[in-house]
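Enquirer: Dropping a structure here in structure tokens format, bear with me for questions.
The values are calculated or read from the model by the stated rules, or taken from the named source; none is laboratory data. Quantities reported herein were computed from a predicted structural model and do not represent experimental measurements. Neighbour counts run over all protein chains shown; Cβ positions are idealised from the backbone, glycine included. These accessible areas exclude ligands, DNA and RNA; they are computed on the full protein's heavy atoms, side chains included. Shrake-Rupley method; radii C 1.70, N 1.55, O 1.52, S 1.80 Å.
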Amino acid sequence: KTIDLTNRTYVVMGVANKRSIAWAIARSLADAGARLIFTYAGERLEKNVRTLAETLNGDHLVLPCDITDDAEIESTFAEIRQQVGVIHGLAHCIAFANKEELEGEYLNVTRDGYLLAQNVSAYSFTGVCKAARPLMSEGGSIITMTYLGGERVVKNYNVMGVAKAALDASVMYLANDLGKDGIRVNAISAGPIRTLAAKGIGGFNDVLKEIEEKSPLRKTTTQEEVGDTALFLVSDLARGITGEIMHVDGGYNKLSLS
Ligand code: NAD
């Protein structure tokens, strides 16, 4: 069995640069023949995303979408509906928290910092699923990106861990809501990867070293491993899987904590 995504269209949200996990997902899906719609936040990123999208085969769309703004989510999906009609899935690869709250004690988080992390990193997934549902009339597969820090205490991950826990719970509720429409909803829990977002997390190099030394596969996770797992999850090979948090972390999450 092979994966062929010809004649299928997917929305990829969260490409910032060539290191972005969203970009690896885009490459895996495009290699399988998918048509892609990229969304980016803020004019500053538009050129980056357009330049990257042009390196792919095929005709891909690039649209703005700041996911903290309901009106912008609505207008972006209205534009997608107008330009392509039906979509078959979506990859949500978006998170943000204040850098100063990604070190030290979680307890020092402010109300504003807490709500910001929840808004951008957790609620946005539900908001986007709501907007995508009417366009997914043929069913399909939606993916978000999560991290172990939502299941366990991971040093410095703090407020982002609490947001990922909310995101993980959203995945199962959304899977239950959307399953009757033939839409599957899953998360990929990636091991640490050096990206722009990861730069904000205190002690990130030490985390990478620990994974290299201790994870069952004795190596860090790559963007390409995540991209190919996303390809599997959107494909019909994964038709029985929904509401799942799939770890792509060299097995690190299976280690005992002591
Ligand atoms: P990245 O910085 O390349 O991507 C984060 C993206 O979020 C950027 O494109 C940024 O523009 C976007 N974003 C932030 N605020 C936004 C807003 N208001 N509206 C729209 N987009 C917004 O970093 P990444 O590591 O590729 O992150 C992608 C996802 O993967 C995140 O959810 C992150 O938590 C998750 N993740 C990353 C790692 C890792 O180690 N890098 C591990 C597990 C999970």
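Enquirer: Could you give the length gained on full extension between Glu105 and Leu255, defined as 0.36 nm per residue of separation minus the Cα-Cα distance, in nm?
Expert: This chain segment gains 51.6 nm when fully extended.
Enquirer: Another question, then. Thr2 to Arg239: FRET efficiency via 1/(1 + (r/R0)^6), r the Cβ-Cβ distance, R0 25 Å, to the nearest 0.05?
Expert: Numbers: r = 15 Å, r/R0 = 0.61.
The computed FRET efficiency comes out at 0.95.
Enquirer: Let me ask something else about it. Just to check I understand the Karplus step: with θ = phi - 60° and J = 6.51 cos²θ - 1.76 cosθ + 1.60, what whole-Hz values come out for the range 158-175, glycine and proline as x?
Expert: Per-residue couplings from phi come out as 6, 4, 6, x, 5, 5, 5, 4, 5, 4, 4, 5, 4, 4, 6, 5, 5, 4 Hz.
Enquirer: Can I ask one more? Could you report the range 1-138's accessible area per residue, 1.4 Å probe, as an integer in Å²?
Expert: With all protein chains present, the range 1-138 gives 52 Å² per residue.
Enquirer: Can you give the local net charge around Arg19? Use residues other than it whose beta-carbon is closer than 15 angstrom to its beta-carbon, Lys and Arg +1, Asp and Glu -1. Provide the component values of the computation, followed by the final result.
Expert: Numbers: positive: Lys18, Arg27, Arg194, Lys199; negative: Glu224, Glu225.
Around Arg19, the surrounding residues sum to +2.
Enquirer: Can I ask one more? How much length is gained on full extension from Gln83 to Leu196, taking 0.36 nm per residue of separation minus their Cα-Cα distance?
Expert: Length gained, Gln83 through Leu196: 37.6 nm.
Enquirer: Next question. Over the chain, consider all pairs of different Cα atoms and compute the Kirkwood hydrodynamic radius from their mean reciprocal separation; express it in Å, one decimal.
Expert: After inverting the mean inverse Cα-Cα distance, the result is 18.4 Å.
Enquirer: To the nearest 20 debye, what charge dipole does the chain have about its Cα centre, counting +1 at the Cβ of each Lys and Arg and -1 at the Cβ of each Asp and Glu?
Expert: That gives the chain a dipole magnitude of about 480 debye.
Enquirer: In terms of modelled amide H atoms, which long-range or inter-chain residues lie less than 5 Å from the amide H of Thr144?
Expert: Close amide H contacts, sequence-distant or interchain: His92, Asn186, Ala187, Ile188.
Enquirer: Hey, got the Cα dimensions of the range 92-189 along the principal axes, in Å, largest first?
Expert: That works out to 46, 23, 17 Å along the principal axes.
Enquirer: Counting only residues 5 or more places away or on other chains, whose amide H sits under 5 Å from the amide H of Ile183 once H atoms are built in the peptide plane?
Expert: Gly140
Enquirer: If I compute solvent accessible area with a 1.4 Å probe over the protein chains, what percent of it on the chain is carbon and sulfur?
Expert: On the way: 6450 of 12730 Å².
Accessible surface attributable to carbon and sulfur in the chain totals 51 percent.
Enquirer: At a 1.4 Å probe radius, which order do His247, His92, His60 fall into by accessible area, largest first?
Expert: Reading off the accessible areas and sorting them downward yields His247, His60, His92.
Enquirer: Could you tell me how many cubic angstrom of Cα convex hull volume the range 1-114 has per residue?
Expert: Working: hull volume 15.7 nm³, N = 114.
So the per-residue hull volume is 138 Å³.
Enquirer: For the range 14-28, take each phi angle, set θ = phi - 60°, evaluate the Karplus expression 6.51 cos²θ - 1.76 cosθ + 1.60, and give the result in whole Hz per residue in order, putting x for glycine and proline.
Expert: The phi angles translate into x, 6, 10, 7, 6, 8, 4, 4, 4, 5, 5, 5, 4, 5, 4 Hz.
Enquirer: A further question follows. Using +1 at the Cβ of each Lys and Arg and -1 at the Cβ of each Asp and Glu in the range 208-251, identify which of Ile241, Thr220, Leu231 lies farthest towards the dipole's positive end.
Expert: Value: Thr220.
Enquirer: Using the reciprocal of the averaged 1/r over all distinct C-alpha pairs, how large is the Kirkwood radius of the range 142-209 in Å?
Expert: Computed over Cα pairs of the range 142-209, the Kirkwood hydrodynamic radius comes out at 13.0 Å.
Enquirer: Right, something else. For the range 212-218, just list the computed ³J(HN,Hα) in residue order, Karplus coefficients 6.51, -1.76 and 1.60, θ = phi - 60°, integers in Hz, with x standing in for Gly and Pro.
Expert: After applying 6.51 cos²θ - 1.76 cosθ + 1.60, I find 4, 7, 10, 5, x, 7, 6 Hz.
Enquirer: At R0 = 25 Å, how high is the FRET efficiency between Asn205 and Asn98 if r is their beta carbon distance? Nearest 0.05 is fine.
Expert: Efficiency computed from Cβ-Cβ geometry: 0.75.
Enquirer: Treating the range 1-46 as a set of equal point scatterers at the Cα positions, no solvent, please give the Debye-formula log₁₀ I(q)/I(0) at q = 0.15, 0.31 Å⁻¹.
Expert: -0.39, -1.11
Enquirer: Tell me the trypsin sites (Lys or Arg not before Pro) within the range 187-254 that lie in a loop according to DSSP and have at most 11 other beta-carbon atoms within 10 Å.
Expert: Sites meeting the loop and neighbour criteria: Arg218, Arg239.
Enquirer: Okay, next question. Can you tally the net charge around Thr242? Count Lys and Arg as +1, Asp and Glu as -1, for every other residue whose Cβ sits under 15 Å from the Cβ of Thr242.
Expert: -1
Enquirer: Which of Asn98, Gly179, Gly113 sits farthest toward the positive end of the charge dipole of the chain, with +1 on the Cβ of Lys and Arg and -1 on the Cβ of Asp and Glu?
Expert: The residue sitting most towards the positive pole is Gly179.
Enquirer: Related question: Excluding Asn119 itself, what net charge comes from residues whose Cβ is under 13 Å from its Cβ, given Lys and Arg +1 and Asp and Glu -1? Don't skip to the end; give the middle numbers.
Expert: Details: positive: Arg111; negative: Asp66, Asp69, Asp70, Asp112.
Its environment carries a net charge of -3.
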